[in-house]
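The values are calculated or read from the model by the stated rules, or taken from the named source; none is laboratory data. Just so it is clear, the model here is predicted, and its values are computed rather than measured. When we count neighbours, we look across all protein chains shown, and the Cβ atoms used for this are built from the backbone with ideal geometry, even at glycine. In case anyone asks, the SASA skips ligands and DNA or RNA and just uses the protein heavy atoms, side chains included. Shrake-Rupley method; radii C 1.70, N 1.55, O 1.52, S 1.80 Å.
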Amino acid sequence: MLAQIKRLGGDSLLYAFMNLGTKFIAFLMFPIYTYYLTPSEYGVIDLIDSTTAMLTFIVIFGTDSALAFYYFDVKDKAKRWAYVQNVLTFRLMVAFFFVLIVLIAGYSISDVLLKDAGYFNALLFAVGVLFIDTIFALVLTVFRYEYKTLRVVLYTVGKMLLIAVISYVFLKYIWTSVEGIIAGRLIAVLFVLLLIGKPLLPFLRLKFDKPLLKEVLKYAAPLVPASIAFWVIVNSNRFFLSEFGSMEDVGIYGSAMKFATLITLVTSGVQMAWRPYSMELKNKEGNEQLFAKLYLGILLIGLFGVMAITTVMPWVIQVLDDAYVASYQYVGLISAVTFLNFYYLIISVGLFVKKETKYISYYFGVAAIVNVILNLVLIPKLSIWGTVVAYLISYVIAVVLIFHKSQKVYYIPISFFKMSALFISTIILVSSMVWIQENDAVSDWHVLTAWVVFFLLIGISRVDKDFRKKGHLGGSIE
């Protein structure tokens, strides 16, 4: 068990370093982008990124989870590569389809989506990035499965650095616009793909094995509605904001989302290491107790991160132009949802092990419907706060339902009451901190009171007993 934890910890540390590097680069570039772009122009980029995020889900089509399962289930190396090459063939076909759609109807799409047909080039560059990144992403996925962690880190950080540098050059000297940033991305991802060199060659031998691909898609298909629902929950609010508010509101919200991703400095390393780790661990003796401790430990680290981000945002936001300052107040609660976006992958391990992933689609579908209804009701009344509340409530619903079902098919001995109590308490504390920061009549030092309460609640919950127990960790959601 100790060896397994060391492996997860070691890989997570490297991935965390990778994410720290990429987020640091993005953090440096974000003020530069907002210096050259108005909130409305940044809103356009945010809508384009939201759209390509949806297309990415469709391109992947759940094959990431299917490949993770079969890659570790099959011992024959040739069969493993057959899975990889068939998955890549499928993804490239779908990505190329989207390129054709933009080539044919890009001006109309730009007019409807971005309220301006003049952003055709930006859309075309974006789907070009999607196509090339499809290859790059699968290469890194296989490297992860082969535990070539350092290579994944170097390529990922290198890609982000090139995107930053080339996009900046385009933005400042060649094309000072939304198109300049996305054109820089396109050139950067193409260059990084070429830098991979010889290790890339096996991936370029595309295959189309109908029975094998059918097997993969049969595993993957139940996850597709979940991916679409996930996109609806995470990204559709931008379109509601542009409809009921303005493109400037989209830019402010997008800015808050950008800072909220700081929580991934805590989570992304574990997320990247989790899939191969959990699939390898599933059949080992005593894994339920280990999973229980990991569930609780990861939750505590995430909640600490949410509190920390909320605390520092009034100072961090000052790196941006004054036009973006209002976005800081939304960051704390959005970062809590961003954490849930990662955490559901941890607490749904039973559904992946038992091949019951269809329930993830069901529950995210329910959450997506709730999200759309809440956005329609709340955004006209509360503007950006409306979409933040809708985002939080819909994700909580999805995570609770997923955890409940995962426990039924693959029981992990951990207290649902304790986990939910800690999360709800943190949400209340974060909301209190934002109120203190926004209220000039209240000293910002009162934020320290929220921290004192946070640690008192952890102490009262006696999580130390859970980590010390060798047997079941008590408590069920039943």
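Do the alpha carbons of any pairs in 354/465; 218/405; 214/354; 293/418 sit beyond 24 Å of each other, and which pairs?
Values: 354/465 29 Å; 218/405 21 Å; 214/354 19 Å; 293/418 13 Å.
Too far apart for the 24 Å limit: 354/465.
Let a ≥ b ≥ c be the square roots of the eigenvalues of the Cα gyration tensor of the range 145-238; is it rounded (a/c under 1.5), or, if not, prolate (a/b larger than b/c) or oblate? Can you show the working numbers first?
On the way: a/c = 2.31, a/b = 1.34, b/c = 1.73.
Cα axes put the range 145-238 in the oblate bin.
How do 187, 60 stack up against each other in accessible area, from largest to smallest, with a 1.4 angstrom probe? Walk me through the numbers on the way to the answer.
On the way: 187 80, 60 45 Å².
In descending accessible area the options line up as 187, 60.
Using 7 Å Cα-to-Cβ label points, what is the residue 354/residue 200 separation (nm, one decimal)?
4.3 nm
Compare the peptides 205-212, 131-138 by average per-residue count of other Cβ atoms within 10 angstrom and give them in order, highest first. It would help to have the intermediate numbers written out before the result.
On the way: 205-212: 11.9, 131-138: 19.4.
In decreasing order of mean packing, 205-212, 131-138 become 131-138, 205-212.
Is it possible to state the helix-based mean residue ellipticity at 222 nm for the chain, with each DSSP H run of 4+ residues giving -39500 (n - 2.57), the sum divided by total residues, to the nearest 500 deg cm²/dmol? What is it?
Details: 19 runs with 386 residues, N = 478.
-28000 deg cm²/dmol, from helical runs alone.
Calculate, in nm to one decimal, what residue 409 and residue 214 gain on full extension: separation in residues at 0.36 nm each, minus their alpha carbon distance. Provide the component values of the computation, followed by the final result.
Values: separation 195, 0.36 × 195 = 70.20 nm, distance 2.53 nm.
The span from residue 409 to residue 214 would gain 67.7 nm if fully extended.
Accessible area per residue, 1.4 Å probe, Å², for the chain: what's the number?
Ligands and nucleic acids excluded, the figure is 43 Å² per residue.
What translational diffusion coefficient, in µm²/s and rounded to a whole number, does the Stokes-Einstein relation yield for the range 14-120 at 20 °C and a viscosity of 1.002 mPa s, taking the hydrodynamic radius as the Kirkwood radius over Cα pairs?
Values: Rh = 17.1 Å.
D = 125 µm²/s.
Where the accessible area of the chain is counted over protein heavy atoms with a 1.4 Å probe, how much of it, in %, is carbon and sulfur? Provide the component values of the computation, followed by the final result.
Numbers: 13930 of 20530 Å².
The nonpolar share, carbon plus sulfur, comes to 68 percent.
State, to one decimal in nm², a quarter of the convex hull surface area for the C-alpha atoms of the range 187-255, i.e. the direction-averaged projected area. Present the calculation step by step, with values, prior to reporting the outcome.
Values: hull surface 32.3 nm².
So the mean shadow area of the Cα hull is 8.1 nm².
Working with all protein chains in place, sort 63, 51, 38 by solvent-accessible area computed with a 1.4 Å probe, largest first. Show your work: numbers first, answer last.
Working: 63 0, 51 25, 38 70 Å².
Order by accessible area, largest first: 38, 51, 63.
Could you grab the relative contact order for the chain? Cα pairs under 8 Å, six or more apart, rounded to a whole percent. The partial results should precede the final answer.
Details: 611 pairs, mean separation 99.6, N = 478.
So the answer I get is 21 percent.
For the range 59-164, what is the relative contact order in percent, using Cα pairs closer than 8 Å and at least 6 residues apart in sequence?
Values: 63 pairs, mean separation 24.3, N = 106.
23 percent.
Going by average Cβ density within 10 Å per residue, which order do the peptides 430-439, 71-80, 104-113, 296-305 take, highest to lowest?
Values: 430-439: 16.9, 71-80: 12.4, 104-113: 14.7, 296-305: 19.0.
Descending mean neighbour count gives 296-305, 430-439, 104-113, 71-80.
Counting pairs of alpha carbon atoms under 8 Å apart in space and at least six apart in sequence, what relative contact order in percent does the range 325-478 give?
Values: 120 pairs, mean separation 44.3, N = 154.
Once divided by the residue count of the range 325-478, the mean separation gives 29 percent.
Using a cut-off of 13 Å between alpha-carbon atoms, which aspartates and glutamates can reach residue 148, once sequence neighbours fewer than 8 places away in the same chain are excluded?
Those aspartates and glutamates meeting the cut-off are 11.
Over 20 Å intervals from 0, what percent of Cα-Cα pairs in the chain sits in each interval?
Taking every Cα pair in the chain, the percentages come to 22, 59, 18, 0.
Using per-residue counts of other Cβ atoms within 10 Å, averaged over each peptide, order 191-200, 391-400 from highest down. Provide the component values of the computation, followed by the final result.
Working: 191-200: 13.2, 391-400: 21.6.
Answer by packing, highest mean first, reads 391-400, 191-200.
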